Amino acid sequence: MINKFFLLIYILTSLLLGGFTYAENIDQINNNIAIFYPEAKEPYHSIYQEIIAGSIKAASHYNQVIRYEKFIITKQFNSDKIAHILIQKKIYKIIVLGRSGWRLAKALAKFTHEDSTKKFQIVSGALPISPNGVSGVSLITDPAYLFGYLNLVAPKVKQVHIAYSKKSAWLIDLAKNAALEKGLMLNLKYVTSTAEAIAFYQNIFASRISSKDAIWLPLDHISSHDKITLPLILEKAWAKGVVVFSSKPSHAKRGALFSTYPDNFALGKHLFTMVQELEKQPEQKNFAALKSTLLAVNLRTAAHLGLKYSYEQQQQFKLTFPQ
């Protein structure tokens, strides 16, 4: 009887210890993260490194030790080989950067468990993507942040005019909600060609447009074409004293009142948080517009519009033009 009793204790202890060791191994598996990024020249190399540094920094504040492994991805990659390496290394959480990384994310999505659930949890960053079945953070700024900057640099504006195509349609629902919160009216025009966008803007400038109006140029090659639409809008807006703001970083330098660009370090933190959330809900599609943004303001345009900024306001401008 005594021998049976000790045998039972031994079995229970072994199971408990075995279970504890297994749990530790699971933690080690779950705390491995791979980051894939393209080999690129400056400034893109530095951008990728800033994003990676932000992700690693976020991980350092996590309640468990996170192990990162970095991989350079080429344009002609072999997804089967990559998947095999990741499985060997017990890495199932992945952050991918750039266009090659996004293509890798699409390719790795085909690897599933026997119950058809995805083997890898992947988030994509450093690319101006639209919702497309891949979880990640787009480089396209969330309209809520654009409208917040608009209230900061041109608080008299009450109505925003926007031409958009199918490519940027996903932003419009976000814009509608953001406009309600910021007390702005939206004049929206869906277009299928640059000619339609030009006609829309010409009608706007021919109307009683005033300093209470603004034009938002989304990141959209149809409605906001750099060589066709942008010069026309900037010329007419300058003559009419109308605010123009843009989702494209370079447009502030070219004469828009302001534009936004990514805070790469903060973006890395966001990607880390997102991949951790996906681990809890592997089948969840988690996609977000860019919230980690910095502000660029054209002070020459501001002066022409009669806008003046306090020292405190200017402290929120990361870049100013002319430099």
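Here, each number is a calculation from the coordinates, and none is a lab measurement. It should be emphasised that the depicted structure is a prediction, and the values quoted were computed from it without experimental measurement.
Run the reach check for Lys176 against aspartates and glutamates, Cα to Cα strictly under 12 Å, same-chain hits fewer than 8 apart removed. What comes back?
Asp142
Once a ≥ b ≥ c are taken as the square roots of the eigenvalues of the Cα gyration tensor of the range 61-148, is the result rounded (a/c under 1.5), prolate (a/b larger than b/c) or oblate (a/b not larger than b/c)?
Judged from the Cα gyration tensor, the range 61-148 comes out prolate (a/c at least 1.5, a/b above b/c).
P(r) for the range 215-323, please, calculated from all Cα pair distances in 10 Å bins and given in %.
Each 10 Å bin holds this share of Cα pairs: 13, 36, 27, 16, 7, 1.
Starting from one equal scatterer on each C-alpha and no solvent at all, send me the Debye-based log10 I(q)/I(0) for the chain at q = 0.14, 0.16 Å⁻¹, two decimals.
Computed log10 I(q)/I(0) values: -1.07, -1.25.
Rounded to two decimals, what ratio of Rg to Rh does the range 227-291 give with C-alpha atoms and a Kirkwood Rh?
1.23
Once you've got the Cα coordinates, tell me which of Lys156/Lys189; Lys57/Lys248; Lys81/Lys248; Lys75/Lys236; Lys189/Lys280; Lys93/Lys182 are over 31 Å apart.
Distance filter (> 31 Å) returns Lys81/Lys248; Lys75/Lys236; Lys189/Lys280; Lys93/Lys182.
At 1.567 mPa s and 4 °C, plugging the Kirkwood radius over alpha-carbon pairs of the range 114-158 into Stokes-Einstein gives what diffusion coefficient in µm²/s?
In µm²/s, the coefficient rounds to 96.
With N set to the number of residues, divide the alpha-carbon radius of gyration of the range 130-230 by 2.2 N^0.38 Å and report two decimals.
1.08
Among the aspartates and glutamates, which fall within straight-line cross-link reach of Lys253, defined as a Cα-Cα distance under 14 Å, with same-chain neighbours fewer than 8 residues apart omitted?
Answer for Lys253, where 14 Å is the Cα cut-off: Asp226, listed by chain and number.
Could you identify which residue out of Phe272, Phe258, Phe200 has the top mean-square fluctuation in a GNM of the chain using Cα springs shorter than 10 Å?
Fluctuation is largest for Phe200.
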